[in-house]
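S.K.: One structure follows; several queries about it will come next.
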Amino acid sequence: MGLDIRLPIGLLFSVIGLLLVGFGAFGDKVVYQRSLGLNVNLAWGAVLLVFGLIMLILGRRSNAIHPHAGASPDGGGPEGER
Amino acid sequence: MSLTSIDWVIMAVYSVFVLGIGVALKRYMKTSTDFFLAGRSIPAWVCGLAFISANLGAQEVIGMGASGAKYGIATSHFYWIGAIPAMVFVGIFMMPFYYGSRARSVPEYLRLRFDEKTRGLNAISFATMTIFSSGISVYAMAKLMQTLHILDSPLRRMGLPLSAGFHISIVISAIVVLVYILLGGLVSAIYNEVLQFFLIVAGFLPLVLLGLKDVGGWSGIKQQLPTAYTHSWQGMSNPHTNPLGVEWFGLVMGLGFVSSFGYWCTDFLVVQRAMAAESMSAARRTPLIASIPKMVFPFLVVLPGLIAISLPAQRASLLPSAHGTDTMKGETAVTGQGLIPPKINETTGLPMLDANGRPLLDYDLAVPNMLVHYLPTGLLGLGITALLASFMSGMAGNVTAFNTVWTYDIYQAYIHKGASDQHYLWVGRMATVFGIALSVAAAYAATHFNNIMDFLQLVFAFVNAPLFATFLLGMFWKRTTGHAAFAGLLSGTVAAAVHHGLTLPVGAVAGIKGGWLATVHVYPSEMAQNFWTAIWAWSVCMVVTVLVSLVTQPRKEEELVGLVYSLTPRISEGQLPWYKRPEALAILVVVLVLILNIIFW
C-alpha cells in the first residue's frame, strides 16, 4: 500500500511524546505522588518521542529509496522484502 | 476518576490519526481485492503485529489481568502453550495452502478443498460469531467507560444523566470504526491494529515498571504470594494442587492442542491478516513474527494482575466494584486484597462472601485499578487511549472478517454470482455498515440478556472445537472427502454439546454451566470442563471424518494440487537470509518459549 505505516506511527508517537514531555516539564508536579514520586510523563514522553522519531526516519528513508513503491495499482513496486 | 485536558488531548490526537489513516488510504481502494485483502501487499512485520493485535481486544487485556490476579503466572499458559505452538504450526505447515491456493477466505479454502456445503456451514457460523464477538467487544468497552467514570464530568457539565455515557461510548466508537473501515478496508484495520499494538506497549509498560518497583520486583511478588502463583508448571500433575484446577494432560491437549490450534489455525479473523501479506514467504512469517511479542505479552497483561494482588495491604479501591454504585464508598469493613476490591452484590449493595465467609474478589477491576492507582494524568490518558484502541480494533477486526466472508462466501456464492468487481466492492462497504449496526444491536442485546451472550459463546465453542480436525485431515490426508468433512464437523459439534450436557464443574448447578442432560462426571474446575469438551469434540470429528472418508469417493488427485500437503511442491526459500526463513524463525521461537517455561517453571 502506498502509505508506509511507519509514518503515521512515527508522527503519532512524536506528537504524544512531545505532549507528555511538555506536560511533565511545565505541569503541576503534585500528580506524581501516584507514580512513586517519579515524573513519568517527562521520562516516558521522551522515550516515546525518540521511538516516534526513529519510526519517522525509517519510514522516510524507505520512501526515498522506493519513491513510488506500491503507488501503482498493479503493485508495480519491487517484489522485495523490506 | 478525573481526567484532565492533557488526557483528553491524547485521546483526541489518537482519534484524528485513526480517521486520518482511513482518509489517506481511501485512494488506494480500487478493487475488492484492495478492500478485502489489502491488495496482498503488506510487509510481513506489519501483518505479524496485526495478527496478534486482532486477537488482543481489551477484553483480553482486562481478562488476562484478572486471571493473573486469580491464577497467577500460570495464566501465561494461554500464551505459551495456548498460542505459540499453534502460531508456529499455521505459519510453517498451513500457510502454504491458505496463501498458495489463492483462496480469499478460510471458508473459500474449504470450498476448494471439500465442497460447497462445508464452506456454507463454516461461512455462516463464522459470520454470526464475528457479529456477536464484535458486539461483546462494544458492550465491554461501554461498560468499562462507566466503571472508570471517564465520561462522568463532561456529562455533568452538559447536564446529561450519567447513564448516557454508555450510549455515547457505543455510538462514538461505532462511528469511528465505521468511517475508517469504509474508507480504507482491511488496510485501515491492519494499520490501526499495528498502532494499537504500539499503544498497548506504550500504555502498559510504564504501568508494569511502576508496579514492579512498588512491590519490590519479581522477588517481591514471590514473597507476597503462595508459590503456586509464581510457578507455571508446579502442581500441574494434579488438578487440585494448582490454581487453574486442571491437570497437565487436559491443559496441553485441551488448551494447547485443540482450542488453540482450532483458533489460531482456522479462524479467519487472524488468518486474514496473513493472507494480506505481500508474498508467500511474508505470509508464512506473519504468525512467526507475531509469536515473538506474543510470548512476552504475559509480562504486559498478566503481570499487572499479579502486582495488583500482591501489594502488601488492601489499598483503597479508587473505583467502585463493577456492579456497585456510589453507595459503597463507606464499605471498607470487608476488605479485598491488594488493589482488588471485593465483589458487590447488585441488589443488596453488600460485599459477596464465599462458603467460608471470605469475600469474593472482583478480579476484573485489577487492571483498571492499576491504571488509576499508578498512572498520573498524562500517562493515564495514554493508558485509556490504549484500551480504547484495543476495543476499537477488536471490533474492526471482526467487522473486516465479517464483510469479507459475507461478500465472498455468502453473497457471491449463494445470492448473486458473477457480478462485477465494483459491485462486490460496494456490497463489502454495505456489509461493513450492516455488520457494525448488527454489532451495536448485539451489544444492546447483551445489556438485556447477559445469559444469551453466555449461551451463544458456548454454542460457538461447540462449533469451533472440531474445526481443527477437519483442517488437519483436509490438508494432510488427500483421501479426506467433502461428505466426511461435513459429517465430521456436525458430529464434533454434537459431541461437544453432549459432553457439556453430561458434565459439570464442581460447585455449579445444572444449566448454562453444563449438566443439562444428566451429570455423569464432575470436573474440578470450569476450565477443565471446557478443555475436555474441546478434546471430545475434536476426537469425534477426527474419527467420523476418517470413517466416512473411507467409504466415500475421494476427489481426483490433480484437483487437489496446492490444497493438500503430499500433492503440493515444497517451497524453496534457500535464497533468503536465515532471519527471513520461516523454518529458522520457527526454531528460534520454539527455543525462546521453552526458555520462558523453564524460567517460570
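S.K.: Any residue at all in the stretch B:97-106 that's surrounded by fewer than 18 Cβ atoms within 10 Å (Cβ to Cβ) and among the charged types (D, E, K, R)?
M.R.: Yes, the conditions are met somewhere in the stretch B:97-106.
S.K.: Count, please, the residues in the stretch B:21-30 that happen to be in contact with a Phe, Trp or Tyr (Cβ under 9 Å, 6 or more places away or on another chain) and farther than 22 Å from residue A:58 by Cα.
M.R.: 2
S.K.: State yes or no: is residue B:123 touching a Cys at 6+ places or on another chain (Cβ under 8 Å), of a type in the set (Gly, Ala, Ser), within 26 Å of residue B:477 (Cβ to Cβ) and away from chain A (no Cβ under 14 Å)? Steps first, answer last, please.
M.R.: Numbers: touching a Cys at 6+ places or on another chain (Cβ under 8 Å): no; of a type in the set (Gly, Ala, Ser): yes; within 26 Å of residue B:477 (Cβ to Cβ): yes; away from chain A (no Cβ under 14 Å): yes.
So residue B:123 does not fit the description; no.
S.K.: Determine which member of the set B:382, B:319, B:365 is modelled with pLDDT of 85 or more and either on the phi > 0 side of the Ramachandran plot or aliphatic (A, V, I, L, M) (or both).
M.R.: Of the residues listed, the single one that is modelled with pLDDT of 85 or more and either on the phi > 0 side of the Ramachandran plot or aliphatic (A, V, I, L, M) (or both) is B:382.
S.K.: In this structure, is residue B:536 part of a helix (DSSP H, G or I) and either in the same structural domain as residue B:112 (by TED's automatic domain parsing) or under 22 Å from the mean Cα position of the chain (by Cα) (or both)? Talk me through it step by step, then tell me what you get.
M.R.: Details: part of a helix (DSSP H, G or I): yes; either in the same structural domain as residue B:112 (by TED's automatic domain parsing) or under 22 Å from the mean Cα position of the chain (by Cα) (or both): no.
Taking the combined requirement at face value, the residue does not satisfy it.
S.K.: Sticking with this structure for a sec: Does the stretch B:30-41 hold any residues that are at the interface with another protein chain (Cβ under 7 Å from one of its Cβ atoms) and buried (at least 23 other Cβ atoms within 10 Å of the Cβ), and which are they? Quick ask: steps written out before the conclusion?
M.R.: The first filter runs over the stretch B:30-41 and keeps only residues at the interface with another protein chain (Cβ under 7 Å from one of its Cβ atoms), leaving B:30, B:38-39, B:41.
Of everything in the stretch B:30-41, those that are at the interface with another protein chain (Cβ under 7 Å from one of its Cβ atoms) and buried (at least 23 other Cβ atoms within 10 Å of the Cβ) turn out to be B:38, B:39.
S.K.: Okay, moving on. Identify all residues within the stretch B:47-76 that are closer than 18 Å to residue B:290 by Cα and not hydrophobic (A, V, I, L, M, F, W, C); write none if there are none.
M.R.: Listed by number, the residues that qualify are B:48, B:53, B:55, B:57, B:60, B:76.
S.K.: Still on this model: Are any residues in the stretch B:554-601 of a type in the set (D, E, K, R), outside any loop (DSSP other than H, G, I, E, B) and closer than 29 Å to residue B:79 by Cα, and if so, which ones? Break it down stepwise before answering.
M.R.: From the stretch B:554-601, those of a type in the set (D, E, K, R) are B:555-559, B:570, B:573, B:580-581, B:583; that's our starting set.
From what is left, the residues that are outside any loop (DSSP other than H, G, I, E, B) are B:557-559, B:580, B:583.
Across the stretch B:554-601, the qualifying residues are B:580, B:583.
S.K.: Would you check if residue B:549 is part of a helix (DSSP H, G or I), assigned by TED's automatic domain parsing to the domain that holds residue B:478, closer than 18 Å to residue B:473 by Cα and more than 30 Å from the chain's Cα centre (by Cα)? Spell out the reasoning first.
M.R.: Values: part of a helix (DSSP H, G or I): yes; assigned by TED's automatic domain parsing to the domain that holds residue B:478: yes; closer than 18 Å to residue B:473 by Cα: yes; more than 30 Å from the chain's Cα centre (by Cα): yes.
So residue B:549 passes the test.
S.K.: Residues that are within 14 Å of chain A (Cβ to nearest Cβ) and among the hydrophobic types (A, V, I, L, M, F, W, C): does the stretch B:387-410 have at least one?
M.R.: The answer is yes; a qualifying residue exists.
S.K.: Return the pairs, sorted by first residue and then second, in which the second residue is in a loop (DSSP other than H, G, I, E, B), the first residue lies in the stretch B:564-580 and is surrounded by fewer than 10 Cβ atoms within 10 Å (Cβ to Cβ), the beta carbons are less than 9 Å apart, and the residues are 6+ apart or on different chains.
M.R.: Close Cβ pairs satisfying both conditions: B:569/B:561; B:569/B:562; B:574/B:581.
S.K.: Still on this structure, I have one more. Do you know which residues across the stretch B:366-386 are closer than 17 Å to residue B:6 by Cα and assigned to a helix (DSSP H, G or I)?
M.R.: So the first thing to find is which residues in the stretch B:366-386 are closer than 17 Å to residue B:6 by Cα, and the list is B:371-372, B:374-386.
Of everything in the stretch B:366-386, those that are closer than 17 Å to residue B:6 by Cα and assigned to a helix (DSSP H, G or I) turn out to be B:371, B:372, B:374, B:379, B:380, B:381, B:382, B:383, B:384, B:385, B:386.
S.K.: Please state which one of B:438, B:473 is assigned by TED's automatic domain parsing to the domain that holds residue B:301 and in contact (Cβ under 8 Å) with a residue 60 or more places away in the chain.
M.R.: Working: B:473 fails: assigned by TED's automatic domain parsing to the domain that holds residue B:301.
Matching residue, one of B:438, B:473: B:438.
S.K.: If the requirement is being assigned by TED's automatic domain parsing to the domain that holds residue B:94 and among the small types (Gly, Ala, Ser), which of these qualifies: B:491, B:420? If you could, list the steps in order and put the result at the bottom.
M.R.: Details: B:491 fails: assigned by TED's automatic domain parsing to the domain that holds residue B:94.
The unique qualifying residue is B:420.
S.K.: Here is a check on your reading of the model: is residue B:234 of a type outside the set (Ser, Thr, Tyr), out of contact with any strand residue (DSSP E or B) (no Cβ under 7 Å at 6 or more places or on another chain), modelled with pLDDT under 85 and more than 30 Å from residue B:529 (Cα to Cα)? Before you say what the answer is, go through the steps one by one.
M.R.: Values: of a type outside the set (Ser, Thr, Tyr): yes; out of contact with any strand residue (DSSP E or B) (no Cβ under 7 Å at 6 or more places or on another chain): yes; modelled with pLDDT under 85: yes; more than 30 Å from residue B:529 (Cα to Cα): no.
Against the criterion (of a type outside the set (Ser, Thr, Tyr), out of contact with any strand residue (DSSP E or B) (no Cβ under 7 Å at 6 or more places or on another chain), modelled with pLDDT under 85 and more than 30 Å from residue B:529 (Cα to Cα)), residue B:234 does not qualify.
S.K.: Is at least one residue of the stretch B:48-56 among the hydroxyl-bearing types (Ser, Thr, Tyr), part of a helix (DSSP H, G or I) and within 11 Å of chain A (Cβ to nearest Cβ)? Walk me through it before giving the result.
M.R.: Going residue by residue through the stretch B:48-56, those that are among the hydroxyl-bearing types (Ser, Thr, Tyr) are B:53.
With part of a helix (DSSP H, G or I) added as a condition, the list becomes B:53.
Checking the rest, the ones that are also within 11 Å of chain A (Cβ to nearest Cβ) come to none.
No, the stretch B:48-56 contains no residue that is among the hydroxyl-bearing types (Ser, Thr, Tyr), part of a helix (DSSP H, G or I) and within 11 Å of chain A (Cβ to nearest Cβ).
S.K.: Evaluate the following for residue B:91: is it at pLDDT 85 or above and more than 19 Å from residue B:198 (Cα to Cα)?
M.R.: Details: at pLDDT 85 or above: yes; more than 19 Å from residue B:198 (Cα to Cα): yes.
When the stated conditions are applied, residue B:91 passes them.
S.K.: Mind checking which residues of the stretch B:1-29 are under 29 Å from residue A:45 (Cβ atoms) and facing chain A (nearest Cβ under 8 Å)? It would help to see each step written out before you state the result.
M.R.: So in the stretch B:1-29, the residues under 29 Å from residue A:45 (Cβ atoms) come out as B:1-25.
The answer is B:6, B:9, B:10, B:13, B:14, B:17, B:20, B:21, B:24, B:25.
S.K.: Follow-up question, since we're still on this one. Here is a list: B:119, B:102. Which entry is more than 30 Å from residue B:12 (Cα to Cα) and out of contact with any helix residue (DSSP H, G or I) (no Cβ under 8 Å at 6 or more places or on another chain)?
M.R.: Going through B:119, B:102 in turn, the sole match is B:102.
S.K.: A further question on this structure: For residue B:71, are the conditions met, namely being at pLDDT 85 or above and not hydrophobic (A, V, I, L, M, F, W, C)?
M.R.: Values: at pLDDT 85 or above: no; not hydrophobic (A, V, I, L, M, F, W, C): yes.
No, not satisfied.
S.K.: Look at the stretch A:9-46 and say how many of its residues are facing chain B (nearest Cβ under 8 Å), among the aromatic types (Phe, Trp, Tyr) and within 30 Å of residue B:20 (Cβ to Cβ).
M.R.: Residues meeting the conditions: 3.
S.K.: Small (Gly, Ala, Ser) and touching a Pro at 6+ places or on another chain (Cβ under 8 Å): does that describe residue B:507? Steps first, please.
M.R.: Values: small (Gly, Ala, Ser): yes; touching a Pro at 6+ places or on another chain (Cβ under 8 Å): no.
In short, no.
S.K.: Separate question: Take residue B:65 and tell me if it is in a helix (DSSP H, G or I), of a type outside the set (Val, Ile, Thr) and either in contact with a strand residue (DSSP E or B) (Cβ under 7 Å, 6 or more places away or on another chain) or within 14 Å of chain A (Cβ to nearest Cβ) (or both). Step through it out loud before you land on a result.
M.R.: Details: in a helix (DSSP H, G or I): yes; of a type outside the set (Val, Ile, Thr): yes; either in contact with a strand residue (DSSP E or B) (Cβ under 7 Å, 6 or more places away or on another chain) or within 14 Å of chain A (Cβ to nearest Cβ) (or both): no.
For residue B:65, the condition - in a helix (DSSP H, G or I), of a type outside the set (Val, Ile, Thr) and either in contact with a strand residue (DSSP E or B) (Cβ under 7 Å, 6 or more places away or on another chain) or within 14 Å of chain A (Cβ to nearest Cβ) (or both) - is not met.
The values are calculated or read from the model by the stated rules, or taken from the named source; none is laboratory data. Just so it is clear, the model here is predicted, and its values are computed rather than measured. Cβ: placed from backbone, ideal geometry, glycine included. Neighbour counts: every protein chain shown.
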